[in-house]
1. Go through the stretch 30-55 residue by residue and tally those that are in a loop (DSSP other than H, G, I, E, B) and within 30 Å of SER73 (Cα to Cα).
2. Kindly evaluate VAL160 against the criterion of being within 16 Å of the chain's Cα centre (by Cα), at pLDDT below 90, within 22 Å of VAL103 (Cβ to Cβ) and buried (at least 18 other Cβ atoms within 10 Å of the Cβ).
3. Can TYR139 be described as among the aromatic types (Phe, Trp, Tyr) and at pLDDT 75 or above?
4. Looking at ASN90, ASN172, ASN183, ASN86, which one is in contact with an Asp or Glu (Cβ under 8 Å, 6 or more places away or on another chain) and among the polar types (S, T, N, Q)?
5. Give the number of residues within the stretch 43-90 that are closer than 30 Å to TRP207 by Cβ and modelled with pLDDT under 85.
6. Condition first: more than 16 Å from the chain's Cα centre (by Cα), within 25 Å of GLN131 (Cβ to Cβ) and of a type in the set (Gly, Ala, Ser). Now tell me which residues in the stretch 88-116 satisfy that.
7. Starting from residues that are surrounded by fewer than 17 Cβ atoms within 10 Å (Cβ to Cβ) and at pLDDT 75 or above, keep the ones in the stretch 179-205 and report whichever is nearest to SER53 (Cα to Cα).
8. Restricting the search to the stretch 93-122, which residues are of a type outside the set (A, V, I, L, M), under 22 Å from GLN176 (Cβ atoms), at pLDDT 85 or above and surrounded by fewer than 19 Cβ atoms within 10 Å (Cβ to Cβ)?
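The values are calculated or read from the model by the stated rules, or taken from the named source; none is laboratory data. None of the values given here were measured: they were computed from a predicted structure. Every residue, glycine as well, gets a Cβ built from its backbone with ideal geometry; the counts of neighbours run over all protein chains shown.
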Amino acid sequence: MKFYRALALLPLVAAAPATPSLGDVYSGAPNPSTVQIRGISYGGTGCPQGSLSYVISDDRTTVTLIFDSYVASIGPSISVTESRKNCQLNVDITYPGGFQYSVFSADYRGYAAIDKGVTGVLKSTYYFSGQTAQSSTEYDFVGPIDGDYLKHDTATSTSVIWSPCGAEGMLNVNSQVRLTSTNSSSSGLLTTDSIDAKFTQVVYVNWQTCKS
């Protein structure tokens, strides 16, 4: 059975009017036609080379990444290395001078089959190249759980970071899926849906004009 994760990244103009006229600059956000995702690179145990594909929307504001090996599992007959998977994403974004953006929340959607005594974590850390500050979103699971889920997590206001002002910022996303257990006989599976085989993370950003 093929496992994959779909990650819908960066509705970059979430704060904008739905149909702005070309060239408009409205409060707090650039015109959507001036925001583009130029490319994505990736690597990790959850997304080895050749295991990821992506589609960028026509309006260049969202990208869907499809993984075929991003699943964590734990249990008596499962190698300990399967209990944690990670993926490092580097998203090359171009946007006009005078604006900057931050990641402020994330939706996690997928499937969890976790016994009592097993806990799971979905976590993504965001940072911009050349900066040391980080922001993160996280959701925790405590077994027993068996079924589809849709979870929302908002980054704390103290951890929100902003892209460079007056420069194009490379957004880096380090995500991980992890399972731990207090019972050696318990089992768990996280992020894989055996019906539609999807795990989706939607990352939302907020815009502001640069401070003079």
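1. First, pick out the residues of the stretch 30-55 that are in a loop (DSSP other than H, G, I, E, B): 30-31, 35, 44-51.
Cutting the leftovers down to within 30 Å of SER73 (Cα to Cα) gives us 44-51.
Matching residues across the stretch 30-55 total 8.
2. Details: within 16 Å of the chain's Cα centre (by Cα): yes; at pLDDT below 90: yes; within 22 Å of VAL103 (Cβ to Cβ): yes; buried (at least 18 other Cβ atoms within 10 Å of the Cβ): no.
No: the conditions fail for VAL160.
3. Numbers: among the aromatic types (Phe, Trp, Tyr): yes; at pLDDT 75 or above: yes.
Here the answer is yes, as TYR139 does meet what is asked.
4. Result: ASN183 is the single residue among ASN90, ASN172, ASN183, ASN86 that is in contact with an Asp or Glu (Cβ under 8 Å, 6 or more places away or on another chain) and among the polar types (S, T, N, Q).
5. Here is the first cut: in the stretch 43-90, the ones closer than 30 Å to TRP207 by Cβ are 43-44, 46-47, 52-67, 70, 86-90.
When the remaining residues are screened for being modelled with pLDDT under 85, the result is 52-67, 70.
Total satisfying the criteria: 17.
6. Residues satisfying the conditions are GLY97, GLY98.
7. Our first condition is that a residue be surrounded by fewer than 17 Cβ atoms within 10 Å (Cβ to Cβ); within the stretch 179-205, this holds for 180, 182-185, 194-196.
If we keep only those that are at pLDDT 75 or above too, we end up with 180, 182-185.
Numbers: THR180: 29, THR182: 36, ASN183: 37, SER184: 36, SER185: 36 Å.
Only one residue fits best here, namely THR180.
8. Keep residues of the stretch 93-122 that are of a type outside the set (A, V, I, L, M), which gives 94-102, 104-105, 107-111, 115-117, 119-120.
Still in the running and under 22 Å from GLN176 (Cβ atoms): 102, 104-105, 107-111, 115, 117, 119-120.
Okay, now just the ones that are also at pLDDT 85 or above, so 115, 117, 119-120.
Across the stretch 93-122, the qualifying residues are ASP115, GLY117, THR119.
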